[in-house]
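A short write-up of the structure that comes next.
The values are calculated or read from the model by the stated rules, or taken from the named source; none is laboratory data. Since we're looking at a predicted model, the values are computed, not measured. Note that we place each Cβ from the backbone using ideal geometry, even for glycine, and neighbour counts take in every protein chain shown.
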Amino acid sequence: MRTIEVLLVDDNPADADLTREALASNLCRIQIHSVADGISALEYLRREGKYANARRPDFIILDLSLPKMDGRMVLAKVKADIVLRQIPIAIFSTSQASQDVQRSYDLGANCYVSKPGNLTAFMSVVKSIADFWFGSARLPNEEER
């Protein structure tokens, strides 16, 4: 069984910890790498600076409200990059605004999930993301790993 590499981009430590915990309870092997701002996300994906030896993620979970560079800009830059654009990106945001949802899909998001306000629902939603993306969906380059 191969390990799925996940890049989690979220500046809220509590949300990042809960997301990690929910993903870790999934039945498949997942390696989670975390960054807390948009600039670090792009450096990680481009393997720059301290991320020179980073593994390319199979999947990205991206918050919209980030310091230094917001998630919309990160999404736009990733989807404009010929090397990175095939990586599926799930937007995981507290925003339920229809314009955020529409804009995210316009920029190439593969799904948009609103963060629930209570712990039980939060964990359930993250598990649902994992069940679909790591259980049912087929990720790019699976046969090459």
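In the set (1) surrounded by 16 or more Cβ atoms within 10 Å (Cβ to Cβ); (2) in a helix (DSSP H, G or I); (3) small (Gly, Ala, Ser), the condition left unmet by Ala90 is number (2). Within the stretch 56-83, residues that are touching a residue at least 40 places away in the same chain (Cβ under 8 Å) have Cβ atoms under 8 Å from residues that are assigned to a helix (DSSP H, G or I) and among the polar types (S, T, N, Q) in these pairs: Ile61/Thr19; Leu64/Ser104, counting only partners at least 6 apart in sequence or on another chain.
Report yes if Ala14 is modelled with pLDDT of 95 or more, over 14 Å from the mean Cα position of the chain (by Cα) and small (Gly, Ala, Ser), otherwise no. So Ala14 fails the test. Condition (residue is surrounded by fewer than 18 Cβ atoms within 10 Å (Cβ to Cβ), touching a residue at least 60 places away in the same chain (Cβ under 8 Å) and either more than 27 Å from Gly135 (Cα to Cα) or in contact with a helix residue (DSSP H, G or I) (Cβ under 8 Å, 6 or more places away or on another chain) (or both)) applied to the stretch 1-14: is it met by at least one residue? Yes, some residue in the stretch 1-14 is surrounded by fewer than 18 Cβ atoms within 10 Å (Cβ to Cβ), touching a residue at least 60 places away in the same chain (Cβ under 8 Å) and either more than 27 Å from Gly135 (Cα to Cα) or in contact with a helix residue (DSSP H, G or I) (Cβ under 8 Å, 6 or more places away or on another chain) (or both). Can you pull out every residue in the stretch 15-26 that is in a loop (DSSP other than H, G, I, E, B) and either surrounded by fewer than 17 Cβ atoms within 10 Å (Cβ to Cβ) or touching a strand residue (DSSP E or B) at 6+ places or on another chain (Cβ under 8 Å) (or both)? Ser25, the sole residue that qualifies. Close Cβ contacts (under 6 Å, 6 or more residues apart or on different chains) running from residues in the stretch 27-50 that are of a type in the set (S, T, N, Q) and surrounded by fewer than 16 Cβ atoms within 10 Å (Cβ to Cβ) to residues that are at pLDDT below 95 and not in a helix (DSSP H, G or I) comprise Gln31/Thr3; Gln31/Glu5. Lys50 fulfils the conditions (1) of a type outside the set (A, V, I, L, M, F, W, C); (2) part of a helix (DSSP H, G or I); (3) within 15 Å of the chain's Cα centre (by Cα); (4) over 18 Å from Val126 (Cβ atoms) except for a single criterion, (3).
Scanning the stretch 31-57 for residues that are of a type outside the set (Ser, Thr, Tyr) and either in contact with a Cys (Cβ under 9 Å, 6 or more places away or on another chain) or closer than 21 Å to Ser93 by Cβ (or both) yields Ile32, His33, Val35, Ala36, Asp37, Gly38, Ile39, Ala41, Leu42, Leu45, Pro57.
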